[in-house]
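The values are calculated or read from the model by the stated rules, or taken from the named source; none is laboratory data. Since the model is a prediction, treat every value here as computed from it, not as a measurement. Please note: Cβ atoms are built from the backbone with ideal geometry, for glycine as well, and neighbour counts cover all protein chains shown. With ligands, DNA and RNA removed, areas are computed over all heavy atoms of the protein, side chains included. Shrake-Rupley method; radii C 1.70, N 1.55, O 1.52, S 1.80 Å.
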Amino acid sequence: MDSHENGNGNGSSVVTDDALPPPPPVPEDVVPIKADVVPIKAEPEKKKVMRVPMARRGLASKGNKVQLLTNHFKVNVSNVDGHFFHYSVALFYEDGRPLDGKGVGRKVLDRVHETYGSELAGKEFAYDGEKSLFTVGALPRNKLEFTVVLENATSNRNNGNASPPPPGSPNDTDKKRIRRSYQSKTFKVELSFAAKIPMQAIAQALRGQESENSQEALRVLDIILRQHAAKQGCLLVRQSFFHNDAKNFADVGGGVLGCRGFHSSFRTSQGGLSLNIDVSTTMIIQPGPVVDFLLANQNVKDPYSVDWAKAKRTLKNLRVKTSPTNTEYKITGLSEKPCNDQMFSLRQKSKDGSGEFETLEVTVYDYFVNYRKIDLRYSGEFPCINVGKPKRPTYFPIELCSLVSLQRYTKALSTLQRSSLVEKSRQKPQERMRVLSDALKLNNYDAEPLLKSCGISINNNFTQVEGRVLPAPRLKVGNGEDFFPRNGRWNFNNKKLVDPTKIERWAVVNFSARCDIRNLVRDLIKCGGLKGIKIDEPFDVFEESPQNRRAPPLVRVEKMFENIQSKLPGAPQFLLCLLPERKNSDLYGPWKRKNLAEYGIVTQCIAPMRVNDQYLTNVLLKINAKLGGLNSMLAVEMPPSIPLVSKAPTIILGMDVSHGSPGQSDIPSIAAVVSSRQWPSISRYRASVRAQSPKVEMIDNLFKKVSDTEDEGIMRECLLDFYVSSNKRKPDQIIIFRDGVSESQFSQVLNIELDQIIEACKFLDDKWCPKFLVIIAQKNHHTKFFQPGSPDNVQPGTVIDNKVCHPRNNDFYMCAHAGMIGTTRPTHYHVLYDEIGFSPDDLQELVHSLSYVYQRSTTAISVVAPICYAHLAATQVSQFIKYEDHSETSSSHGGTGVTSAGAVPFVQLPKLQENVASSMFFC
């Protein structure tokens, strides 16, 4: 470019007083330098290559072949040449205000469909209930505007903006007219073309070529199913829907019902496109009279015992129908005063001197009984339900209000509710298959016009797949004895533990549990002896003094420790702690924290109810593992003969993040990484646990450089411990099992977490390049397997890597455990990355074996032990901070995490004492 055109001085630029003078003119013979050649940094910038999930390396073949059925139903697509057209939807009120409240959207668009068939060229559409609408083929124009009127614009989720008539309207015919004018609303709808998605993308996805388009195309199919369910009046929760049918409801207590419905989603797999249908459960509020719900919710006998302040919080935003008109409203609150004291202004039929209607102050009770002639039995003394606006309340007596069905309950369940739910939602395999077959017939997808126009038909039969049953690994117990588990389980009858510990300096601590302690101790010592654990007599039994029983948990623990310290000569090796409550004792967290973080004492809590040999054996398995012993191990660990793992020093990691329950947004998430130690063992582990910002799924403390020489991250701890415990060897191979991430987060695990782990390794030694294997384990998916014609679950050791697995990626399903109750839930393993070079058989065998090294039980477990341990460690340590003042946050340990709302401070976890930090304290 010539300098003159550049406005480059030469009088062409205007100079204000505060601007710089123009640059000097450029001489004619200057050759411009290409800017991008000049290096900004001394070293060339390395282009970061994004890792993507690896492709399958072939199928495995070991094990006995079995024919199984799965809850995937084959989908045929005949119209792959068409396109989905995506339109964005904007909804407005008549005056141009955008529509608030989601639920009314579907009603508005149904009305558009009824009214404007010809403008839509007779097309069916799939609407997601919010801002997207899809058609097969294009609509006549790229932008369309419609106006529709809805008679009763209360949505199925909230009330749109319909307000009820003011109580006490002139006369009945007027009242009807007023109600109608109040309830009818005019809406404007704008549809504008957004994108075009080729259906060909579905065919490409089936060949393993996934793209934005293929995900969108499958999303359209899922939206069609959701709309199909919405039209039948179902409650929709993500990919699941729930019919309003009382036979699907199960009372779990507290005014909460478990509601059974169905999950359905389209999946691409090696066998083509399939529809995955499964039974699904959500929690709903008990429908019916508001008073009945409140009695159940607060567990009280009569309305006089209801805590109305609590009731007001519970009821806010729930929807009610009022009798006798059966109109639906959303509860905004309760009246300040009881129904027979709460006044409002009632407009009279007669006018006063100035031509205005007169108003009269009456009570709500009086109005309903005397003016509306409705008999009220008990509402007089209780607050009214308010369904009005903040400035203009509208009151109804409580007995005229009934809660509408299918309203979700989203708070955390109590332990009792949870166990009741589990018990009531269990289904044996055969029953589950029957329910799913019925659901498919009931849904009648063949009649869905949109699926027809995509040329989609769904087969009604369960897909047949071939599974393989891997033989159980051989285990070693004490005295050099080997044995094979049968049906995924074994026991220690007449057997000794492989590496029993000695318990010398120990004591019993009793927090007011009623129990014959002398007998308990005697039986524990005897049972330990049979297993090879030598247990001395305890030093003492510390009973809680009666005046401390009513004190807060932290105080009770403090007092108990003062007592112990005054009597014991030195720190004990072990404390057995008796708790009075079976589950969720509020002493548990403070007690564990005191022992592990402050004193470094190994402790085992029990709540003895029925103490028998089996109970004591289970307790001893945990104690032995905590104190550094080992209960059983894989025969292939000694002498080491595990393919690839035994050839070179290998560390196995289990990683998990546990979050506070829904509704507790301020509780920090807890990240736990457990790591194997004492290679070539793969049965011994330790854990590192950190708090991080609430609800953050990625682990953000794997590598944490605090200075040029210091790294306070989790990985450094794991790697140093491995080095010290494995004869000063660094791991050449790092195997990572990661729990709890969805497919959309695989890339983050591969590119963010794995990078941090590599950095932690480099920080310890920049010439060290270990090889990695990254595997995700998922439990919450909806694929189930069945043995045809058998009432039993699939056998332990069953693995499936064909037909219903991903068309390209390296994934497989494994049921390592024996499902005793309900239907087995397989674990879905995704192998994202493998530099070590496992064959499919060796890898599946390793995963299977790692389900047998869980020291707490004498059964194979459903997911590899390192992940279970990470889960246990996170749960246990999260109890440490449950009873603290949440206001104290530590910034020195990066006590703030940044979320979209800004920094979220959280309490940092106390560090465990050195002597227990590498123990299996979580066992």
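Overview of values
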{"item": "Radius of gyration and maximum dimension Dmax of the stretch 660-722, Cα, Å", "result": "14.2, 44"}
{"item": "Summed residue charge, Cβ within 14 Å of K502's Cβ, Lys/Arg positive, Asp/Glu negative", "result": "+1"}
{"item": "Approximate shape of the stretch 90-149 as ellipsoid semi-axes (Cα gyration tensor, √5λ), whole Å, largest first", "result": "19, 13, 11"}
{"item": "Using alpha-carbon coordinates, inclination of helix 613-626 to the longest axis of the chain, degrees", "result": "80 degrees"}
{"item": "Value of relative contact order over the stretch 322-434, rounded to a whole percent, pairs C-alpha under 8 Å and six or more apart", "result": "25 percent"}
{"item": "Ellipsoid equivalent to the stretch 183-307 - semi-axes via the Cα gyration tensor, in Å", "result": "41, 21, 11"}
{"item": "Over the stretch 632-769, equivalent-ellipsoid semi-axes from the Cα gyration tensor in Å", "result": "27, 19, 14"}
{"item": "The stretch 291-407 - Debye-derived log10 I(q)/I(0), Cα point model, q = 0.11, 0.19, 0.20 Å⁻¹", "result": "-0.39, -1.04, -1.14"}
{"item": "Projected label distance in nm at S118 and K762, using a 7 Å step from Cα toward the beta-carbon", "result": "6.9 nm"}
{"item": "Pairwise FRET efficiency - D302 versus V435, Cβ, R0 = 30 Å, nearest 0.05", "result": "0.20"}
{"item": "For the stretch 787-831, alpha-carbon Rg and Dmax in angstrom", "result": "11.5, 34"}
{"item": "Residue pairs, from the table K622/K767; K622/K762; K424/K495; K594/K705; K48/K131, whose Cα atoms sit over 31 Å apart", "result": "K622/K767; K622/K762; K424/K495; K48/K131"}
{"item": "Kirkwood-based Rg to Rh ratio, the stretch 343-399, C-alpha trace", "result": "1.04"}
{"item": "The stretch 678-705-the stretch 277-329 distance, computed between alpha-carbon centres (Å)", "result": "43 Å"}
{"item": "Sparse-neighbour loop sites [trypsin sites (Lys or Arg not before Pro); the stretch 528-620; at most 15 other C-beta within 10 Å; DSSP]", "result": "R549, R550, R582, K583, R610"}
{"item": "Percentage, to the nearest whole number, of Cα pairs in the stretch 437-485 over 16 Å apart", "result": "66 percent"}
{"item": "Selected from M199, N444, Y588, residue furthest toward positive end of dipole (the chain; charges at beta carbon)", "result": "N444"}
{"item": "Karplus-derived HN-Hα couplings along the stretch 427-432 (A = 6.51, B = -1.76, C = 1.60, θ = phi - 60°), whole Hz, x at Gly and Pro", "result": "9, 5, x, 4, 5, 4"}
{"item": "Fraction of accessible area attributable to carbon and sulfur, the stretch 198-328 (%, probe 1.4 Å)", "result": "46 percent"}
{"item": "Normalised contact order of the stretch 243-349, rounded percent, pairs of Cα under 8 Å and 6 or more residues apart", "result": "16 percent"}
{"item": "Shape metrics for the stretch 335-471, restricted to C-alpha atoms - Rg then Dmax, Å", "result": "28.3, 97"}
{"item": "Projected label distance in nm at A571 and L416, using a 7 Å step from Cα toward the beta-carbon", "result": "4.1 nm"}
{"item": "Ordering of 749-762, 419-432 by burial proxy (mean other Cβ atoms within 10 Å per residue, highest first)", "result": "749-762, 419-432"}
{"item": "Accessible area (Å², per residue) of the chain, counting only protein heavy atoms and a probe of 1.4 Å", "result": "48 Å²"}
{"item": "Calculated diffusion of the stretch 249-307, Stokes-Einstein form, Kirkwood radius summed over Cα pairs, 10 °C and 1.306 mPa s, µm²/s", "result": "114 µm²/s"}
{"item": "Those lysines that a straight Cα-Cα span of less than 21 Å connects to K428, excepting residues fewer than 8 apart in one chain", "result": "K247, K441, K779, K784"}
{"item": "Whole-number percent relative contact order across the chain, with pairs defined as alpha carbons under 8 Å at least 6 apart", "result": "13 percent"}
{"item": "Sorted peptide list for 343-351, 771-779, criterion being average Cβ within 10 angstrom, highest first", "result": "771-779, 343-351"}
{"item": "Net charge of neighbours whose Cβ lies under 13 Å from the Cβ of V657, counting Lys and Arg as +1 and Asp and Glu as -1", "result": "-2"}
{"item": "Whole-percent carbon and sulfur share, accessible surface of the stretch 70-154, 1.4 Å", "result": "48 percent"}
{"item": "Most to least packed among 48-60, 832-844 [average Cβ atoms within 10 Å]", "result": "832-844, 48-60"}
{"item": "Sites E504 and F483, calculated FRET efficiency, Cβ-Cβ separation with R0 35 Å, nearest 0.05", "result": "0.70"}
{"item": "Spherically averaged projected area of the chain from its Cα convex hull (nm²)", "result": "54.7 nm²"}
{"item": "Longest to shortest principal axis, alpha-carbon extents of the stretch 530-641, angstrom", "result": "57, 32, 25"}
{"item": "Aspartates and glutamates with Cα under 16 Å of K65, excluding same-chain neighbours fewer than 8 positions away", "result": "E466, D801, D841, E845"}
